[in-house]
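Participant: Would you mind keeping the following structure in view while I ask a few things?
Any read-out appearing in this document is the output of simple, stated calculations on the displayed coordinates, not a laboratory observation. A quick note: this is a predicted structure, and the numbers were derived from the prediction, not measured. Cβ atoms come from the backbone with ideal geometry, glycine included; neighbour counts cover every protein chain shown.
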Number of protein chains: 2
Amino acid sequence: MIDVTLLGTGGMLPLPGRSLTSLYVRHDGRAILIDCGEGTQTAIRQNSLRFKNIEGILITHFHADHMSGLPGLLLTLGNEARTEPLHMYGPVGLEQVVAGLRVIAPELPYEIIFHEYGEETAEITLAGLTVTLFPVDHGIPCLGYRMALPRPGKFDARKAKALGVPMPLWGRLQKGETVDGFTPADVLGEPRRGISLLYATDTRPVPAIYEYGKDADLIILEGMYGDAEKQERAEFTHHMMMHEAAQIARDVNAAQLWLTHYSPATPDPTEYEAMLKEIFPETVVAADGQSVTLQFMKD
Amino acid sequence: MIDVTLLGTGGMLPLPGRSLTSLYVRHDGRAILIDCGEGTQTAIRQNSLRFKNIEGILITHFHADHMSGLPGLLLTLGNEARTEPLHMYGPVGLEQVVAGLRVIAPELPYEIIFHEYGEETAEITLAGLTVTLFPVDHGIPCLGYRMALPRPGKFDARKAKALGVPMPLWGRLQKGETVDGFTPADVLGEPRRGISLLYATDTRPVPAIYEYGKDADLIILEGMYGDAEKQERAEFTHHMMMHEAAQIARDVNAAQLWLTHYSPATPDPTEYEAMLKEIFPETVVAADGQSVTLQFMKD
C-alpha cells in the first residue's frame, strides 16, 4: 500500500493555513517528497510524518513556490543525524540551483546525489516504487511524476507442487526472486493490477499526463484557476484550469482526482467543487493535509 | 509611536505554531523587517501587516533560520507591484548570500540596495527611525539593532512670541526644520525621552547590548536555552541563556523584555517564566504574534 499526504495546496505564495504545494508519498516505511516550497518542513511535522524516511526528493521545476523550503529542510534532515545520501531528481540544472540555495545551508552531514533529466521520459526505482519522470509543459523545464507499485500474480500452489518446488522457497519466489533454478514465472499467475498515482503541476494538459495517468488510483493536478475567463491566462502562463484537470481525470479513468496549487487569488477553491463533480464525480478539492492510503484492489 | 510585532519565535527550525524569529517594526505607516526565516511572509499575513510598508530588511546573520524565507518574501513584494527600491542591511557578504538565494527569485520589478557592515557600529535612518547597527558575538559576523524615535523638546510658545516667530512657522519649527532664520533650538525646550527598542539574536551577552539597550522601552533577546546545564553549550555555540537575557534587561533598566528564538528542544518555554520574573519581573516569554505599541511617555 501507499500512503499519500498533500502537505500543502498553495500556488505562488503561501497563505495562513495553506502551505505551498508539496506531496509526501510513503511505502513500506520509505518516503518520497515531491517539491519543497516554504512551509514544507512544518507541514511534515504537523502531519506527524517522518523526515528520516525520506529517501529522495523529486523537484518538478525551479520556481520558488516549489523549492523555497529546501534549504531549511536539508538542514533539518541534518539535525536528524542523517548520514545516508539523499537523492534529488529534477530537470537539468538542479544541482546548480540547489548549490545557490545552499549558501545558507553549506554544511550537511550527508551527501546529496543529483539526478537531472532533460526531454526524455525516464524510469527509476525509489522507496520501493517505480517512478516515471516525464516532461510536461510549463514554459520552462518541468517534470511530472508517476509512482507505481506493481503487483505480481497470485502464487499457484498446485503448479509449485507439480514442479516440486520446496515450500521454504515459495516466499522468495513470490517476492520475485529466482531461487535454485525456479523462476517466479513458474509459480505465479498473471501480474495483477497494482497501485499508481500521478502528480503533475505546473503544466498545461499534455499527452504524457493522459498516458501515465491511465487508470490511476489517484491523480493530483493543479487547480490554479477556476473561472472560465482565466482560460487565456492559464494558457499564457502554462498553468491548468480546474475543469481541464477534471476532464483529464475522467478521460484517463482515474479512481480519484485531487486538486492542488491554487492561485492565492482563490481563497476558497471549494466554490468550484459542484462544477467539477459534474465533469468528474470523484474530484476532491483538496486542502492541506489531505491524505489517503492506496491499497491493492481485492482479488 | 512604534508598533512592534514578533512574527515568529523559533530558533534553528520552524515548528507548527512557531515560525522562525522575525520582527516587524512599524512607525508612521513605514516598516522595518528584521530577519526573514521560513514562515515570515505567512506570519505577516496572519498578523494583518502590510508588505508594501516594508522599506528595509535588516539581517542579523547568514544562518538559514534567519534568511530562509527571503526569496519567497522578495517575490511576494514583487507580486504586490512594488517598484520602490528595497534596502537591505547586514554583515559583509550580504549581497553575495542574497544573490545565491535569488537563484529561485531571479526577476524582481524593484531594485535591492545593499548596505554591508563590518566591525564598526553604524547609524542609519530607516522608516523614520534612527537605527544603530552594532556587532555582537555569534562566532560569525552578526549584528544587533537598536531602533529609536527621538522626541524633541516641548514647544515654548512664550519664547516663540518673545522672538516674534510668526505662528504659521511654529509647526515646522516643532518638526525640526529651520525656517526664516529661526531654529528649533530657539523655541523648543530640552529634548524629551523618546522611544527605543533593541533586538539582538543570536549572541552571547556583549557590552554593546548593555550600551544600546540602556533604558530601552523594549529589549528583545534570544531565549535559546533555559536549563542551567545548557550554559556550556550556549557559550560554545555563541547563544544566550534565558537567565542571561533577564539579567541584561534588569541591568540596563529596560521597561520590558521579550524572549524569542527558542530551541526546538524547548516546546514550552513558559516553564521558565517564573524563574525569569524573579530576575526581571517585566519578562515576557513571547509567542508568535506578540505585539505592542510603544508610545511616548506622558509629560
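Participant: Specify which of the listed residues (B:Glu107, B:Glu95, B:Glu84) is over 23 Å from the mean Cα position of the chain (by Cα) and of a type in the set (Asp, Glu).
Facilitator: Only one candidate passes the filter, namely B:Glu107.
Participant: Keeping to the stretch B:61-108, report how many residues are in contact (Cβ under 8 Å) with a residue 24 or more places away in the chain, polar (S, T, N, Q) and farther than 15 Å from A:Met12 by Cα.
Facilitator: Residues in the stretch B:61-108 being in contact (Cβ under 8 Å) with a residue 24 or more places away in the chain, polar (S, T, N, Q) and farther than 15 Å from A:Met12 by Cα: 2 in total.
Participant: Sticking with this structure for a sec: Can you pull out every residue in the stretch B:104-136 that is away from chain A (no Cβ under 14 Å) and among the small types (Gly, Ala, Ser)?
Facilitator: Within the stretch B:104-136, B:Gly118, B:Ala122, B:Ala127, B:Gly128 qualify.
Participant: Further question: Can A:Leu169 be described as in a helix (DSSP H, G or I), touching a Pro at 6+ places or on another chain (Cβ under 8 Å) and over 19 Å from A:Ala31 (Cα atoms)?
Facilitator: no
Participant: Still on this model: So in the stretch A:55-103, with the set limited to residues that are charged (D, E, K, R) and more than 9 Å from chain B (Cβ to nearest Cβ), which one is surrounded by the fewest Cβ atoms within 10 Å (Cβ to Cβ)?
Facilitator: A:Glu84
Participant: Let me ask something else. Taking the stretch B:12-54 as the search range and keeping residues that are among the hydroxyl-bearing types (Ser, Thr, Tyr) and under 28 Å from B:His239 (Cβ atoms), which one is surrounded by the fewest Cβ atoms within 10 Å (Cβ to Cβ)?
Facilitator: Once the filter is applied, the top-ranked residue is B:Tyr24.
Participant: I need the strands (runs of 3 or more DSSP E) fully contained in the stretch A:176-275, keeping only those with at least 1 residues that are more than 18 Å from the chain's Cα centre (by Cα) and surrounded by fewer than 16 Cβ atoms within 10 Å (Cβ to Cβ).
Facilitator: Because the criterion is at least 1 residues that are more than 18 Å from the chain's Cα centre (by Cα) and surrounded by fewer than 16 Cβ atoms within 10 Å (Cβ to Cβ), the strands (runs of 3 or more DSSP E) in the stretch A:176-275 that meet it are A:192-200.
Participant: Hey, could you check the stretch B:1-11 for residues that are surrounded by 22 or more Cβ atoms within 10 Å (Cβ to Cβ) and in a loop (DSSP other than H, G, I, E, B) and say which is nearest to the other protein chains (Cβ to nearest Cβ)?
Facilitator: Applying the filter and picking the extreme gives B:Gly11.
Participant: Please go through (1) touching a residue at least 60 places away in the same chain (Cβ under 8 Å); (2) within 14 Å of chain B (Cβ to nearest Cβ); (3) β-branched (Val, Ile, Thr) for A:Ile32 and return the number of the only condition it doesn't satisfy.
Facilitator: Against the list (1) touching a residue at least 60 places away in the same chain (Cβ under 8 Å); (2) within 14 Å of chain B (Cβ to nearest Cβ); (3) β-branched (Val, Ile, Thr), A:Ile32 comes up short only on (2).
Participant: Could you list, in sequence order, all residues of the stretch B:35-49 that are out of contact with any helix residue (DSSP H, G or I) (no Cβ under 9 Å at 6 or more places or on another chain) and more than 9 Å from every other protein chain (Cβ to nearest Cβ)?
Facilitator: Matches in the stretch B:35-49: B:Asn47, B:Ser48.
Residues are listed down the side, and each one gets a yes or a no for (1) in contact with a His (Cβ under 8 Å, 6 or more places away or on another chain); (2) closer than 16 Å to A:Glu244 by Cα; (3) of a type outside the set (D, E, K, R):
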position	(1), (2), (3)
A:Gly189	no, no, yes
A:Thr203	yes, yes, yes
A:Ala208	no, yes, yes
A:Gly213	no, yes, yes
A:Glu222	yes, yes, no
A:Tyr225	yes, yes, yes
A:Glu229	no, yes, no
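Participant: Among the residues of the stretch A:283-299 satisfying the criterion of being out of contact with any Lys or Arg (no Cβ under 9 Å at 6 or more places or on another chain) and in a loop (DSSP other than H, G, I, E, B), which is surrounded by the fewest Cβ atoms within 10 Å (Cβ to Cβ)?
Facilitator: Top of the filtered list is A:Lys298.
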